[in-house]
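Enquirer: The structure's right below; bear with me while I get my questions together.
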Amino acid sequence: MTKIVINGKFLGAGLNGVHRTAAHYATALMERAGGHDVRLVAPKHTAPDPAFPLLVPQVVPGAFGTGQGWEAFTLPRIARGAVLVNFCNLGPVLHRNSAVMIHDAQTYLYPRDYSGAQALAYRALLPIIGRAARRVFTVSEFSRQSLAEHRIATRDKIDVVHNGADHILSVPADPSILQRLGVSPGSFVMTLGSRKGYKNIRRVFEAMKALGPAAPRLIVAGGPDEAAYRDAGWTPPENTVFTGFISDGELRACYEAARVFAFPSQTEGFGLPPIEAMFCGCPVVAASAGAMPEVCGDGAAYANPEDTEAWAREIGRLVSDDGAAANRSARGSATARSITWDNAGDRLWSVLEPLL
C-alpha cells in the first residue's frame with residue numbers, strides 16, 4: 001500500500017475560507033483512497049467538527065512549534081516515504097514527493113490588499129514551493145494561468161480542480177435573520193462585505209445609488225461595519241444594512257430571500273459566493289473578471305467591474321423584471337448542479353492517483 005499523508009495544520013486555524021475547502025478536499029481524499037494507507041496529521045489537538053467526521057487527525061508534535069516551523073521541518077519527517085498532500089497554499093520544500101494546492105496569485109495581483117509581511121512571505125515562498133512539489137493543484141484555469149505567469153509553477157505542472165459549493169445546502173436556512181434585518185423576501189439586493197480593494201464593494205454602492213429612489217435596500221452580509229467603508233472613502237447608499245458576522249444558516253436564508261446577489265470582485269481564483277447563491281436560487285450579477293466567467297458560465301449576468309453604469313443596468317433589470325429574474329435563477333441553478341464537492345473529489349483523485 002502506498003502511504004498518503006495529509007497536512008492537517010489547517011485544523012487548528014478555524015474552518016473558514018481556504019481552511020474549509022481544505023476540510024472538504026481532505027474528506028474527499030480519505031473517502032476515495034481505499035487500499036492506501038492514509039494519515040491526516042496535525043501538530044496539536046483540535047476540537048472535532050461535526051460537519052467533517054472523518055477529520056480526526058493523528059497528532060504528532062515536534063520541536064519546532066505548531067505553526068510554520070512544524071510544517072517546514074517536522075512534517076517532512078512524518079511524511080518520509082509517503083506522498084504528502086497540502087491543501088492550504090503552503091507546503092514544506094524539504095519533502096519533494098508532494099502535491100500542493102495553491103488557490104490563486106492574489107498577493108501578486110493585489111499586494112496592497114494584504115499585510116506587508118504576508119504579501120512578501122507569499123511572494124517569496126510560493127515559487128520555491130511550486131518548484132519543490134511534484135504537482136500543483138489550483139481551483140480554476142484562470143488561477144492556473146496566473147500561477148504560471150508569475151512563475152510559481154509551469155503550466156504543465158499545474159492541474160485544475162474546481163471547488164464545490166453545495167456545502168451551503170448542508171445547513172438549514174435560518175430565516176429569523178430577515179426579521180432581525182427588517183427585510184422581506186425579494187425586497188433587497190445582497191452583496192458580501194469586505195474592506196479589501198479588489199473585492200470592489202464600492203462598485204455596488206455606486207450602482208445602487210445610481211438606481212435612484214426606487215432602489216431596493218442593500219444588505220451587506222458579513223465583513224466590517226459601516227464605519228470601516230466610510231473610512232476607506234466608500235459611501236454606501238442610505239438604506240444599506242450591514243449584518244456583521246452571520247452564521248451559515250443565516251447566510252443561506254439571505255441568499256434564498258435576496259432578489260439579486262451582486263459579486264463585483266476585480267479578481268477571484270474561483271469565487272464560491274456566486275455559486276452558493278445559485279444553489280439557493282438567487283439571480284447573480286458577477287464581475288466579468290478573474291475566474292467568474294469560467295466558473296459561473298451561463299448561470300450569471302455579468303458587468304465590467306469598473307463600470308458603475310453597467311452594474312446599475314444589470315441589477316436594475318433583475319430587480320424590475322420578474323421574467324428576467326426567474327430566467328436567471330433557473331440558469332444559475334442549472335449551472336450550480338455540477339459544482340459539487342463530490343465532483344471536486346473525483347477530479348482531485350483523478351489527478352492525485354497517478355502520483356501514488
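The values are calculated or read from the model by the stated rules, or taken from the named source; none is laboratory data. Please read these numbers as outputs of a predicted model, since none were measured by experiment. Ideal geometry is used to build each Cβ from the backbone, glycine not excepted, and the neighbour counts take in all protein chains shown. Just so you know, the surface numbers come from the protein's heavy atoms only, side chains and all, with ligands and any DNA or RNA stripped out. Shrake-Rupley method; radii C 1.70, N 1.55, O 1.52, S 1.80 Å.
Enquirer: Would you compute, from DSSP H runs of 4+ residues alone, the mean residue ellipticity of the chain at 222 nm, taking -39500 (n - 2.57) per run and dividing by the full residue count, rounded to the nearest 500?
Expert: -11000 deg cm²/dmol
Enquirer: Could you work out what % of the accessible surface of the chain is carbon and sulfur, using a 1.4 angstrom probe and leaving DNA, RNA and ligands out of the count?
Expert: The value for the chain is 52 percent carbon and sulfur by accessible area.
Enquirer: Mean Kyte-Doolittle hydropathy of -0.5 or higher plus an axial Cα length of 30 Å or more: which whole DSSP H helices in the chain meet both?
Expert: The qualifying helices: there are none.
Enquirer: Just how many pairs of Lys in the chain have C-alpha atoms closer than 26 Å, counting pairs that are eight or more places apart or on different chains?
Expert: The number of close lysine pairs in the chain is 7.
Enquirer: Before I look further, what does the chain give for accessible area per residue, probe 1.4 Å, in whole square angstrom?
Expert: 41
Enquirer: Which option, (i) 145; (ii) 161; (iii) 130, is the value of volume of the Cα convex hull per residue in Å³ that was calculated from these coordinates?
Expert: Entry (iii).
Enquirer: Lys/Arg Cβ at +1, Asp/Glu Cβ at -1, dipole of the chain taken about the Cα centre: which of CYS88, VAL139, GLY62 is farthest positive-ward?
Expert: Towards the positive end, the residue furthest out is GLY62.
Enquirer: Could you pull the accessible area for ASP322 with a 1.4 Å probe, rounded to 10 Å²?
Expert: So the heavy atoms of ASP322 present about 110 Å² to solvent.
Enquirer: Hey, another quick one. Scan segment 285-347 for GluC sites (Glu not before Pro) in coil per DSSP, keeping those whose Cβ has at most 16 other Cβ atoms within 10 Å, and list them by number.
Expert: Qualifying residues, ordered by number: GLU306.
Enquirer: May I ask you to list the GluC sites (Glu not before Pro) in segment 197-275 that are in a DSSP loop and have at most 16 other Cβ atoms within 10 Å of their Cβ?
Expert: Passing both the DSSP loop test and the Cβ count: GLU238.
Enquirer: Further question on the same structure: Calculate, for ALA227 and GLN68, the FRET efficiency according to 1/(1 + (r/R0)^6) with r their C-beta to C-beta distance and R0 25 Å; round to the nearest 0.05.
Expert: 0.15
Enquirer: Something else now. Can you bin segment 54-174 into rounded, prolate or oblate? Criterion: square roots of the alpha carbon gyration tensor eigenvalues sorted a ≥ b ≥ c, rounded for a/c under 1.5, prolate for a/b above b/c, oblate for the rest.
Expert: Rounded is the answer for segment 54-174, as its axis ratio a/c remains below 1.5.
Enquirer: What nm distance separates the two modelled labels at HIS19 and SER184, each placed 7 Å from Cα along Cα→Cβ?
Expert: Computed distance between label sites HIS19 and SER184 equals 4.1 nm.
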